[in-house]
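The values are calculated or read from the model by the stated rules, or taken from the named source; none is laboratory data. What you see is a predicted model; the values in this text were computed from it and never measured. Note that each Cβ is placed from the backbone with ideal geometry, even for glycine, and that neighbours are counted across all protein chains shown. For accessibility, only protein heavy atoms count, side chains too; no ligands or nucleic acids. Shrake-Rupley method; radii C 1.70, N 1.55, O 1.52, S 1.80 Å.
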Amino acid sequence: MAATVTDNLCFGGLLVVKKERRNEGIARKLDSARREFVGNRNFSVNGLIVHLDGHMKSRFKHHVFDMKGFANNIINKEKIVKEITTPTKYKFVSLTEDMVDSLGRYDTGINIGVCRANLQKPWTFSEPARTIVALDGASICGYATVRPAETGKLLAPLYGDSPDIISSLFAQVLQSLIDEGEAMFVQVPTDNKTMMELVGIAGLREIYTMNRLYSKEAVTLPLDKIAAIMTAEATIC
C-alpha cells in the first residue's frame, strides 16, 4: 500500500505476499504499481532492518531513525505506577467529544503540520478505543490511545511534550487501561530515551527493529515528543 501524506510525500505500508505464492513475481508487480502511484514524490517506508542494505542500494537515500516493536505481558504494574511521579500541575482525563477538535490540532502539530483528522478522530474516539489526554491548565500537552490487538492491547500513539508527561501518561495507561498480566504491544522510536526506559521497566520484549527511510528529502519529526507511533502502515508517526 501507499498513502498520500502531503502533495510531495507518500508513505508506504505493508507489501505482503502469501508464502505459497512467493517467487512468482507478485511482489515486483505490486511494487511497480506502488511506484507508479508515488511518481516523482518523496517516498517513505518503515523497512525491516534485515532489508536495510537492499533499500539503501535501490531507491532510498536517507535512513533517518529506527523504531522497535515491543510486546509482552505487563508485570509489576502497581510497582511501575508507584515509581512514576506525576507532577501535580498536569491533569489526565478521558477524551470526550468536546475535546476532539482540540486534540486534532495538537496531533497536527506533532504530525509536521499535516492534519489527519480523517484517521485520527476515528482512531482515538471510536469504540473500542480508549484515549487519555494530558492537560496543562486548559492546554493539551499529550495523549495516549489504547486499542484492542490480536492478543492484549495496542498502545498507539503516545505523544507528550516532555519526558514527565510521557512517563505520567504511560503510568495512566497502565493504571486504568491495561490489566496485570495482559499483553501490550507498542512501537517506539529509539531516539525517545524516556519511552525506551519505560518499556524496559515494564518488562516488554523487543520483537523487531524497523528503519525509517526516505527516497528524496529527510523529514524531521519531533521524536522527543513521539513515545509511541500511531501506525507504521498509513502515516509517518
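Miscellaneous remarks
- For segment 186-237, the percent of C-alpha pairs falling in each 10 Å distance bin, counted from 0 to the bin holding the largest distance, reads 22, 55, 20, 3.
- Sorted largest first, the spans of the alpha carbon positions of segment 1-97 along the three principal axes are 55, 35, 30 Å.
- Cα gyration tensor, segment 53-140 - rounded (a/c under 1.5), prolate or oblate: oblate
- Tilt relative to the chain, helix 163-176 - C-alpha long axis, 0 to 90 degrees, to 10: 80 degrees
- When the square roots of the Cα gyration tensor eigenvalues are ordered a ≥ b ≥ c, the ratio a/c for segment 135-237 is 1.5 or more and a/b does not exceed b/c, which makes its shape oblate.
- Rounded accessible area per residue of the chain, 1.4 Å, Å²: 51 Å²
- In Å, descending, principal axis extents of the Cα set of segment 36-81: 51, 22, 16
- Nearest-ten-degree value, helix 100-110 long axis tilted from longest Cα axis of the chain: 60 degrees
- Space enclosed by the convex hull of the alpha-carbon atoms of the chain, per residue, Å³: 127 Å³
- Lysine pairs in segment 1-142 whose alpha-carbon atoms fall under 25 angstrom of each other, counting only those eight or more residues apart or on distinct chains, come to 15.
- What a 1.4 Å probe finds exposed on segment 8-130 is 51% carbon and sulfur by accessible area, rounded to a whole percent.
- Each label point was placed 7 Å from the Cα along the Cα-to-Cβ direction; for Thr4 and His55 their separation is 2.4 nm.
- Residue-averaged 222 nm ellipticity for the chain, from DSSP H runs of 4+ at -39500 (n - 2.57), nearest 500: -8500 deg cm²/dmol
- Segment 52-145: trypsin sites (Lys or Arg not before Pro) in DSSP loop, at most 13 other beta carbons within 10 Å: Lys61, Lys89
- Above 15 Å, the calculated P(r) of segment 153-207 contains 44 percent of its Cα-Cα pairs.
- Overall form of segment 9-62 per C-alpha gyration tensor (a/c, 1.5; a/b vs b/c): oblate
- Each peptide in 178-189, 156-167 was scored by the mean count of other Cβ atoms within 10 Å over its residues; highest first, the order is 156-167, 178-189.
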